[in-house]
Each structure stands twice: as structure tokens, then as C-alpha cells.
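The values are calculated or read from the model by the stated rules, or taken from the named source; none is laboratory data. In this text, all values refer to a predicted model and were calculated from it rather than measured experimentally. Ideal geometry is used to build each Cβ from the backbone, glycine not excepted, and the neighbour counts take in all protein chains shown. For the accessible areas, the whole protein counts, side chains as well, though only heavy atoms, and no ligand, DNA or RNA atoms are used. Shrake-Rupley method; radii C 1.70, N 1.55, O 1.52, S 1.80 Å.
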Amino acid sequence: MQPMLEIHDLHANADGREILRGVDLVVHVGEVHAIMGPNGSGKSTLAQVLAGHPGYTVTQGFVRYEGQDLLDMDPEERAQAGLFLAFQYPVAIRGVTNAYFLRAALNAIRKTRGEPELDPIDFLQVLEEKLQAIGWDDSVVNRPVNDGFSGGEKKRNEILQMAVLEPKLAVLDETDSGLDIDALKTVAEAVNRLRSPSKATVVVTHYQRLLNYIIPDFVHVLVDGRIARSGGKALALELEEKGYDWVKPEPAVA
Amino acid sequence: MTGIEARVLQPYKYGFVTDIESELAPAGLSEDIIRLISEKKGEPEWMLEWRLKAYRHWLEMAEPKWANVQYGPIDYQAIHYYAAPKRSNQLKSLDEVDPKLLETFEKLGIPISEQKRFAGVAVDAVFDSVSVATTFKQTLAQAGVIFLPISEAIREHPDLVRKWLGSVVPYNDNFFAALNSAVFTDGSFAYIPKGVRCPLELSTYFRINAQATGQFERTLIVAEEGSYVSYLEGCSAPSRDENQLHAAVVELVALDDAQIKYATIQNWYPGDEEGKGGIYNFVTKRGKCQGRNSKISWTQVETGSAITWKYPGCILQGDHSIGEFYSVAVTNNRQQADTGTKMIHLGKNTRSTIVSKGISAGHGQNTYRGLVKIMKGAEGARNYSQCDSMLIGDKCGAHTFPYIDVRNSSAIMEHEASTSKIGEDQIFYLRQRGLKAEDAVSMIVNGFCKEVFRELPMEFAVEAQNLLSISLEGSVG
């Protein structure tokens, strides 16, 4: 079967500094992959590069998404093709309500799929369904996007967007950071409800605890811009116990 | 080059020229030219005298240099002070308007037929120095509202005009106001009688067409006791390499319990990417809340002009009167704007609100300049000011000069200010959700301006949003 996402020998720079140094990763439909690693290992960079952040330059390697050259696509084209990034630091957009923003985004995506645009009334219905599906109320819907949101609200809002936009491949960048345990559970539960055999998820996290709730099929450890080790969910527990030093590449023997 | 950088500006959409024969006064300014204008307009003697008085005063005045804008010297003798499309006789109905003119205004999206889409708006269309059509005159007349080109009003309602003209902006107020008083050609006059709520939105659309001309319109709105009117003006001009001068004066008077809402969507030709050409928009606008509980509210969306110099203000004379100023000013490419407001509190318990949003892109320079003055007798006065600036790219500038002069210790003043840079991260965030870069910028900017847009009449709020998107198109790479 053709993989949904295939990353091969990916190298990327930010401000002239090489951060990714040859990442290889294959994700098939229906799978959940966790990318773990110490601070500065390149986890968030990988997520941002996949989404097409203009601050990073890819210098080597390729990424294929559903057979297409992902790196050749604009960020909005990637989104329209079903790639979603839940941001580690969602930004605020003053004066624009969540509902307005989400409808514009959904309609932009629907347009590329050849589906008719939703008017505000139809959209509200979709929104209601999604809120119900993830079991949340509509308290954030008419507030300006992330403006004055608490850390937890921002992360929840990312998941709400994911629910509405129905991506094929969701990349969650440190969605657990800054959440207390109850908020973490709420978010994880919503993510689980959105899981489907026709979709795939990549969870980027520093800590194992999120993986207690979002159970991954595969765990990869990123160290110094390369995947140093891959395994099943047990690998995450092993990391928790032994720390990241355990997977650091051994110094070359002279 | 990173993503956010000025690239190419969408060509100015309203830059066409209407090929119409016009009658042009010889270039230059003199008493003879003023006599000629007055004669063309069939004005009474007092009007001519007033113009000449203003002219003689203007000769003694110097052009103001304190604004934070730069431009070469203006040759006042090179400007034609009167230009009018030729026509054989006085118009009796809208059907007699030259089809070329109708077409021009249709092209600008300004209906001067009394059609459905704008059934709630009466329009006075001013082309160069003359008003070419005014719609819904009858509907308004039934309500007792007078809405006429000011040149007609001077002939038909001389007592009213004479009573109020210059009562808020005197002929010697400032250099450009004095110039306007001497040579003003057309503009609108609106009079709302006691207790009448004007049944339609009133609107004037100003179009500069002729070359080497200036437009000097004058608008006067008087709202009698307990009346209400909402007025909107729009404007545009052809794309030319030369700079053209637009020096208007607007005066508003609100008596006891009267309310005037005045909105401007200013889209004069801004010049090209290099800053060549464009309108010099040097305008004096002032409202007087003369009566108790009166209210004047200015809303402006300034996207055009090479240089904008305007400070629509309110004199809060009546006790409990209210002044408001909501502004969005955009400068892209080489545009410069120095704009803001003056709120002069004279009466007791007077209140004023200022919300200013400045957006700079390209090499644009955007200055907010405001004065809030609380006079001795203004017991219990309050002011709230909010000045927000947004920068797009790193070659533009935002400047803020808020002046506060308080002479009564019971005043309560609040001032908030912010400057933000439209971030690559904001744009990326929206693009990651599927929006195109232009749509992302447009959404961010419109969100930034929301508090101002919601003050616009419904029919025009959408237009203002679109205009803003067009003005900023290409400002993000």
C-alpha cells in the first residue's frame, strides 16, 4: 500500500542553522505516530516544515504526501489537501470571531474539493455537530480567534478547528504543553473521538504522559535532527524511565 | 526576502478618464477667477463678497508645514479652479443627465438612477466642479429635508446657507479652508428640519476627472432640534502622473437633541508604486454640537490619496453633547497620511470617543494626530481615546501625536495605544487553515478595523472591507 506520508532524508535550516539532518519517516493511513525527543531536537521544526512554514528552508530530501511532492505545495495547498497542524503556540487574530474564521477556512477547503460553500446558517449546524462530537460547548465560537484565550482554551480551539476541517493527516505539535491533567484528558479524548481508519495522526510531544491517553502505534525518538530510534508504544515508557540520554547516539569509537 | 514584503500594487481600479468635453476656467487664481466662478454659479452678491474676503485673507497666509508629510511646492497658479462637463441647459430630470456621466458613475458603482439596490440612499453626484445629479429629491422633500448641490442651495435657500456657512469653519480658519472659501465650486447642502428623522441615507460622490484641476467642494449639513441624519461621502479620481489638489471643507451643525452621523470612504488616486501622481487631500472637517444632548459622529475610511491631511473634529458646545471619531487610515507604497481629530469640550458633561486604526504597508507613512481639549467650563467632561497602529513589512512607519489639554480638573481622560506588526506567524496560521495569503491579510486587517467598520452604514460596510483588501493587495509576498 502507498504510504500517506513518506519523509526521506529530510534536511532543513532556520536562519542558516541546520536543524533537521536527515529525517526518515513513513506513515500509513489509520496509524498514529508519536515523535518524541529532548528540547531542541527538531520535533517542532519537523511539524512546521511539514506545514510549510516560510521560516524554514529545506536543503535536502523529499516529502511525499498521498503521492504528491508536499514540499512543492504552498501552505494553503497543503491544508486544502488535508494536512492539518495543531500549533504549539496558536496566534490570536483580533476582531475576527472563531466562527467567521472557521467558516472561511472550511469554505476555502470545500472549494478545492469542488463542494459548495456553506452559508452561515449551514455552517453553524456543522459546528454544532462537531462540538457535540467532541463533547464541548460553544463558549469559544463567538470570541475572537485565540484573543485572550487561556493556554488550555487555545489548545482546545486547535482541536475544534481540526474537528471542523476534517483533515486526513493531523500533526499535533506539543498539544499537551501547558495543560493540566484534566485539560490534557479533555483534549486527548477529543483527539481519540476524531480518530478514523481513513486518517492518520502524528503526535509531537516531549512527555510520555499524553501517550497514556492517545495511544500511538509507533513511537520515534528524534535526537539532533535525526530519528535515533523507533519502536512500539513501549518505547515511550522506556524513555520515560531512562531519559533521553539513553537514546543519544554513542560517541564514535576511535 | 521573507514572505511579508511589498511586491506589486493592484492597479487602481478607478483610474479611468471619462472622455467628455469640459468647460475649463483659465489656470491660476485671481479675483477675476473668483468672480467668474461666482458668476457661473449665479450667486448673490454676498456670496461673492465672502469669497473675495477669504481670498484676500488667504493671500496673507502661509501653507502649514507642521504635518508629518513631505511634498514639493504646490503651484497655485497652475491649477484650474473651475472645470465642468459642458451641457446645453439646466437639467429638469435625471433622464437628461449626459449618458457618459451616468456611465461613469455606474462604473464607479454609484447609482444615480433611483434604482432598487440603493433605494435607501439619496445620492448627489459631483463631477469636477459641478453637481451632475441628485437623486430622490422628491422623497426627501416630502419629509421636509433639503438635499441639494450647495450651488443650488445658495440660489434657492440663500437665508439658510448664509446663516450657517462659515459658522463652524470660518473663511479664515486655516490656509486650505481659506482657499476653499474663495474658490469652492460644488458640494452638498443638507438641512433636516426640527424633529425629522431623515428617511434616507444621504450620500455625495465626488469625482475628479479633468486634468490640472483641483476640486474644492464644500458641504454643509444642518440638523435642527431633535432631527437625525446619516450621511456618506465617497470619492475617486483618474490615475495621472501629476498631483492634484483636493481642498474641501465640511461643516456640520447639530442643534438640541439632534444627531449627525457622517461617514467618508476616501479613495482618491494614491499615486503609483514610486509615489508619482496622486491626490493631495487637504481637508478641513468640523462639526459643532451646538445644542444640548446633540451628537456628531465621524467615521472615515481613508485608503486613497498620495497625501492626506485631515482632522475631522467636534466642538462640544451644548451640555451633554457627544462627539465621536472612528477612523481607518491605510498607507501603502509611498502614501502619507497625517490624520486624526480634534475634540473641543466646552459644555458640561460632554463626552468624546476616539478610535483610530492606522495601517501602514510598503513605504507608507501613517501619522495619528489628535487634540482633546477640555475647557474651563466643561465640568464632568470625559474622553476615551484608542489609537492602534498596524505595520505590514519593515519599510513603513506609524507615528502618534496625541495632544491633551485639560483645564478643568473634573475631566476624566482615558488613552490607549498599541502598535503591532502583522506577523508572518499570523499569516502562516491562517494559510495553514486553507486561506490564501491575500485572504489571510485581508482577514487580519479587517479584524483590526472592526470597531470602525461597524460604525458604517450597512450598505457601505462591505464596500469598505473590499476596498481595504484591494488597497493592500500585493503588500504581502
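Per the Debye formula on identical point scatterers at the alpha carbon atoms of the range B:301-459, with no solvent, log10 I(q)/I(0) at q = 0.11 Å⁻¹ is -0.48. Gain on full extension, evaluated as 0.36 nm per residue between residue B:77 and residue B:409 minus their Cα-Cα distance, stands at 114.6 nm.
Computed with a 1.4 Å probe over protein heavy atoms only, the accessible surface of chain A comes to 45 Å² per residue.
How many percent of the alpha carbon pairs in the protein assembly as shown exceed a separation of 49 Å? Summing the P(r) of the protein assembly as shown above 49 Å gives 29 percent of all pairs. Grab every C-alpha pair in the range B:313-390, bin the distances at 10 angstrom width from 0 up to the longest one, and report whole percents. Final binned percentages: 22, 41, 23, 12, 2.
For the protein assembly as shown, which whole percent of the accessible surface, found with a 1.4 angstrom probe, sits on carbon and sulfur atoms? After summing per-atom areas, the C and S share lands at 48 percent. Between residue B:398 and B:366, the built amide H atoms are under 5 Å apart, and every one of these is 5 or more places off in sequence or on another chain.
Taking every residue in A:140-152 and counting other chain Cβ atoms within 10 Å of its Cβ, the average works out to 1. Greater than 28 Å separation of Cα atoms is the criterion. Which listed pairs, B:40/B:163; A:130/A:168; B:86/B:163, meet it? With Cα atoms farther than 28 Å apart: B:86/B:163.
Heavy-atom accessible area for residue B:49, with the other protein chains in place and a 1.4 Å probe, reaches approximately 80 Å². Here, the range B:381-477 yields an orientationally averaged convex hull projection of 8.2 nm² when only Cα atoms define the hull. In the range A:8-158, the convex hull through the Cα atoms has an average projected area of 10.6 nm², a quarter of its surface area. Normalised by the number of residues in chain B, the average gap of Cα pairs under 8 Å and 6 or more apart makes the relative contact order 12 percent. Here the average projected area of the convex hull drawn through the C-alpha atoms of chain B stands at 21.4 nm². Separation of the range B:137-162 from the range A:141-170 is 56 Å, based on Cα centroids.
For the range B:315-335, backbone nitrogen atoms closer than 16 Å to the point 7 Å from residue B:371 Cα along Cα-to-C-beta are found at B:315-317. Angle of helix A:120-134 to the longest C-alpha principal axis of chain A, folded into 0 to 90 degrees and rounded to 10: 50°. A DSSP coil position with no more than 14 other Cβ atoms inside 10 Å describes the following trypsin sites (Lys or Arg not before Pro) in the range B:294-387: B:376. Scanning residues 5 or more positions from residue B:22 or on other chains, those with amide H under 5 Å from its amide H are B:86, with H placed 1.01 Å from N in the peptide plane.
With N as its number of residues, the range B:269-311 has a Cα radius of gyration that, divided by 2.2 N^0.38 Å, comes to 1.64. Expressed to the nearest 5 percent, the antiparallel share of DSSP beta bridges inside the protein assembly as shown is 20 percent. Scoring B:389-397, A:79-87, B:445-453 by mean Cβ neighbours within 10 Å over their residues and listing the highest first yields A:79-87, B:445-453, B:389-397. Ranking A:89, A:32, A:63 by how far each Cα lies toward the positive end of the dipole of the range A:1-117 (charges on Cβ) leaves A:89 at the top.
Computed over the range B:165-298, the P(r) curve from all C-alpha pair distances, binned at 10 Å from the origin, holds 13, 39, 31, 13, 4, 0 percent per bin.
In order along the range B:244-249, the Karplus-derived 3J(HN,Hα) couplings, from 6.51 cos²θ - 1.76 cosθ + 1.60 at θ = phi - 60°, round to 10, 9, 10, 10, 9, 10 Hz, and Gly and Pro are given as x. Pairwise Cα separations in the range A:90-235 fall into 5 Å bins from 0 onward with the following percentages, short to long: 2, 9, 17, 20, 20, 15, 9, 6, 3, 0. Using the charge dipole of chain B (Lys, Arg: +1 at Cβ; Asp, Glu: -1 at Cβ; taken about the Cα centre), state which of B:423, B:435, B:214 has its Cα farthest towards the positive end. Among B:423, B:435, B:214, the one farthest towards the positive end of the dipole of chain B is B:423.
Accessible area per residue was computed with a 1.4 Å probe on protein heavy atoms; residue A:73 scores about 30 Å².
Beyond 32 Å in Cα-Cα separation lie the following of the pairs B:53/B:107; A:111/A:155; B:288/B:450; B:41/B:137; B:261/B:395; A:155/B:421: B:53/B:107; B:261/B:395. Summing Lys and Arg as +1 and Asp and Glu as -1 over all other residues whose Cβ lies under 11 Å from the Cβ of residue B:311 gives a net charge of +4. Can you tell me what percent of all Cα-Cα pairs in chain A are more than 31 Å apart? Everything past 31 Å amounts to 24 percent.
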